[in-house]
There are 2 protein chains.
Amino acid sequence: METDALASWNDGAPKQSIIDFVRRVTTAGGPDFVPVPDRIAVFDNDGTLWAESPLPVQLVFVLERVHALAPQHPEWKEKQPFKAVLENDLKTAAASGMAGLIEMVMATHVGMTTAEFDSIVKDWIATARHPRFKRPYTDLAYQPMLELLAYLRARDFKTFIVSGGGIEFMRSFSATTYGIPPEQVVGSSVGTKYQVRDGKPVLVRQATVNFYDDKADKPVGINTFIGRRPIAAFGNSDGDFAMLEWVAGGTGARFALIVHHDDADREWAYDRHAGLSTLARGLDEGPQRGWTMVSMKQDWNRVFAYEAK
Amino acid sequence: METDALASWNDGAPKQSIIDFVRRVTTAGGPDFVPVPDRIAVFDNDGTLWAESPLPVQLVFVLERVHALAPQHPEWKEKQPFKAVLENDLKTAAASGMAGLIEMVMATHVGMTTAEFDSIVKDWIATARHPRFKRPYTDLAYQPMLELLAYLRARDFKTFIVSGGGIEFMRSFSATTYGIPPEQVVGSSVGTKYQVRDGKPVLVRQATVNFYDDKADKPVGINTFIGRRPIAAFGNSDGDFAMLEWVAGGTGARFALIVHHDDADREWAYDRHAGLSTLARGLDEGPQRGWTMVSMKQDWNRVFAYEAK
């Protein structure tokens, strides 16, 4: 008997819908056959491939970098939102909104070369620990989704991340955590500038927002980076709605899936009321649109990658 | 005896340098071995993979689209550079410089959906003929470079185009002409906007320059799209200099190559004095930097793809 490649998925409609879709598009001569080059699948990252609670991982990185860099910035003691972060007053920090967040990103993510930033992220992700599970954040990748990525790739799908997260932040761990190489990661970015320093060419990260890969700009990012419409998309919030709609709206067999965080015991239960990640339109319209709705509680018998070790 | 995979390359230093480099980076256990995921090679398009004379192909497309769309734009009869183009007075049209070119690109490349633009380009490229060779432009891909692309891919390199040309223009023929899929094409782009029209999601091309992938921005484009430094780069003009320098400047075995157009009989002879494509710094510094200089006249026994049919 064949080992179940999707062993962490309980038998049920979602698992069956995945298996059926993949069988249809890979059956040579069948009506829904899709040639290998067009087998493109796109995955949101935060909340879809790994945990995003109690805070998205890159936001934790930003906050910890503010603490780490504070000695070089005495002015932050009097300047919001830095002052509040240094006082661990996240409520006040959050009041600064997107403008405050961008200010903190620019204070922690730019000015260095791309190689230096890659090192900073790799060092951080190797040592940082999740507050609830006391494990590296990369251990909190979802085991069912890792199995799904491998299942698709074994059937000649090319898997991409399409996330609002920073593209170079994610690229620092995407290959080792998800088996997704840097060139298959689409995300938000700052500008970079080419310079030759002492005969060595470098790219220096600039304090400009180059692209914010969220909501209606996810299809834009997909088109820019991938240049064709994927046949399968996986998300968990309304930030992914346009991406799911764009993918599902193509001709031929299409697959769209939403991961619903409804498991407070093993992970978290949130949807309409989450702060940074809201799922409302997707919950309301997804089922009518024929999208596959995954209940973490019902459909996954294991949640985190470390539980499969 | 093995068939020569690089049969259109004459024996000589350039051919040998390619073979030696590839052998070094693919020899397991050797000092210069490069794991498969890092075997990234980037190619300029115009003048490197196909002919760019007497005019770059996309510029011919722009000019022919101006003629085709003129009936819908009576005002062009009195407006430069359109007036000059419609009168086939390219000298006057060229005097409008980059601003005039961008105006013509915006008049011919935007306003439609990405799918519509793809159809327009595919239709044009299937029917347009090169003025000297009376053949489709895609027949004027360079046979030695097609062999090189296949040679590298057979040794587990991933091949990318990195060109100042329009990303969606190139993507319309890159897979069939070069075997390079859309997601491995990096180029210049206009903005796009996501819309749902009568329930159908579309991306509409906007009259904004999103990215101009030339000169010092070629390494920027490489970093944005590929997310790692390639180990081999191929170009033909000073627009490729920064890309060649960026790639050659990494650690470990590196390869940089310049195609020199010095064959007036079979193709064209130009370098320092070409209008849109100038090779001066590359000719001066390339050899000292250890870059491979290819003479089309000396090193290629066949030039165009159609000659190998």
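The values are calculated or read from the model by the stated rules, or taken from the named source; none is laboratory data. No experiment lies behind these values; they were computed from the predicted model shown. All Cβ positions, even for glycine, are placed from backbone atoms using ideal geometry, and neighbour counts span all protein chains on display.
Observations, loosely collected:
- So B:Lys200, is it at pLDDT 95 or above and either closer than 19 Å to B:Val259 by Cα or aromatic (Phe, Trp, Tyr) (or both): no
Residue by residue, here is whether (1) more than 26 Å from A:Phe173 (Cβ to Cβ); (2) free of Cβ contacts under 8 Å to residues at least 24 places away in the same chain holds:
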{"position": "A:Ser8", "(1), (2)": "no, no"}
{"position": "A:Arg23", "(1), (2)": "yes, yes"}
{"position": "A:Val36", "(1), (2)": "yes, no"}
{"position": "A:Asp89", "(1), (2)": "yes, yes"}
{"position": "A:Val105", "(1), (2)": "no, no"}
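- Qualifying residues in the range A:243-274 (those that are aliphatic (A, V, I, L, M) and either free of Cβ contacts under 8 Å to residues at least 24 places away in the same chain or farther than 23 Å from A:Val25 by Cα (or both)) - the one surrounded by the fewest Cβ atoms within 10 Å (Cβ to Cβ): A:Ala264
- Members of the range B:198-228 that are surrounded by fewer than 23 Cβ atoms within 10 Å (Cβ to Cβ), in contact (Cβ under 8 Å) with a residue 12 or more places away in the chain, of a type outside the set (Ser, Thr, Tyr) and more than 9 Å from chain A (Cβ to nearest Cβ): B:Val204, B:Arg205, B:Gln206, B:Ala207, B:Val209, B:Asp214
- Contacts under 6 angstrom Cβ, first residue in the range B:127-154 being within 16 Å of B:His261 (Cβ to Cβ), partner among the basic types (Lys, Arg) and assigned to a loop (DSSP other than H, G, I, E, B), 6 or more apart: B:Gln143/B:Arg302
- Test: A:Ala280 is surrounded by 20 or more Cβ atoms within 10 Å (Cβ to Cβ) and aliphatic (A, V, I, L, M): no
- Residues (part of a loop (DSSP other than H, G, I, E, B) and either over 30 Å from A:Val202 (Cβ atoms) or within 14 Å of another protein chain (Cβ to nearest Cβ) (or both)) located in the range A:136-161: A:Arg155, A:Asp156, A:Phe157
- For the range A:1-28, the tally of residues that are of a type in the set (D, E, K, R), surrounded by fewer than 16 Cβ atoms within 10 Å (Cβ to Cβ) and part of a helix (DSSP H, G or I) stands at 2.
- Applying the condition of being away from every other protein chain (no Cβ under 11 Å) and not in a helix (DSSP H, G or I) to the range A:163-197 and asking which residue is farthest from A:Trp50 (Cα to Cα) yields A:Ser188.
- Every residue from the range B:182-197 that is surrounded by 13 or more Cβ atoms within 10 Å (Cβ to Cβ) and free of Cβ contacts under 8 Å to residues at least 12 places away in the same chain: B:Pro182, B:Glu183, B:Tyr194, B:Gln195, B:Val196
- Residues considered: B:Leu86, B:Leu140, B:Leu90. Of these, the only one that is surrounded by 13 or more Cβ atoms within 10 Å (Cβ to Cβ), at pLDDT below 95 and not small (Gly, Ala, Ser) is B:Leu90.
- Residue ID - farthest from the chain's Cα centre (by Cα), chosen from residues in the range B:35-58 that are within 28 Å of A:Gly179 (Cβ to Cβ) and surrounded by 20 or more Cβ atoms within 10 Å (Cβ to Cβ): B:Arg39
- One residue stands out among those in the range A:198-244 that are among the charged types (D, E, K, R) and more than 18 Å from the chain's Cα centre (by Cα): the one that is nearest to A:Trp50 (Cα to Cα), which is A:Arg229.
- B:Lys122 meets each of the listed conditions (1) closer than 17 Å to B:Ser174 by Cβ; (2) out of contact with any helix residue (DSSP H, G or I) (no Cβ under 9 Å at 6 or more places or on another chain); (3) free of Cβ contacts under 8 Å to residues at least 40 places away in the same chain apart from (3).
- Condition met for B:Met106 (at pLDDT 95 or above and either out of contact with any Pro (no Cβ under 7 Å at 6 or more places or on another chain) or basic (Lys, Arg) (or both)): yes
- Scan the range B:229-267 for residues that are of a type in the set (S, T, N, Q) and either part of a strand (DSSP E or B) or away from every other protein chain (no Cβ under 11 Å) (or both) and the total you get is 2.
- A:Pro31 vs. criteria in a loop (DSSP other than H, G, I, E, B) and loosely packed, with under 13 Cβ neighbours inside 10 Å: yes
- Summed over the range B:268-278, the residues that are out of contact with any strand residue (DSSP E or B) (no Cβ under 6 Å at 6 or more places or on another chain) and either under 18 Å from B:Asp213 (Cα atoms) or outside any loop (DSSP other than H, G, I, E, B) (or both) give a count of 3.
- Index of the failed condition, A:Glu116 passing every other in (1) crowded, with 16+ Cβ neighbours inside 10 Å; (2) out of contact with any Phe, Trp or Tyr (no Cβ under 9 Å at 6 or more places or on another chain); (3) acidic (Asp, Glu): (1)
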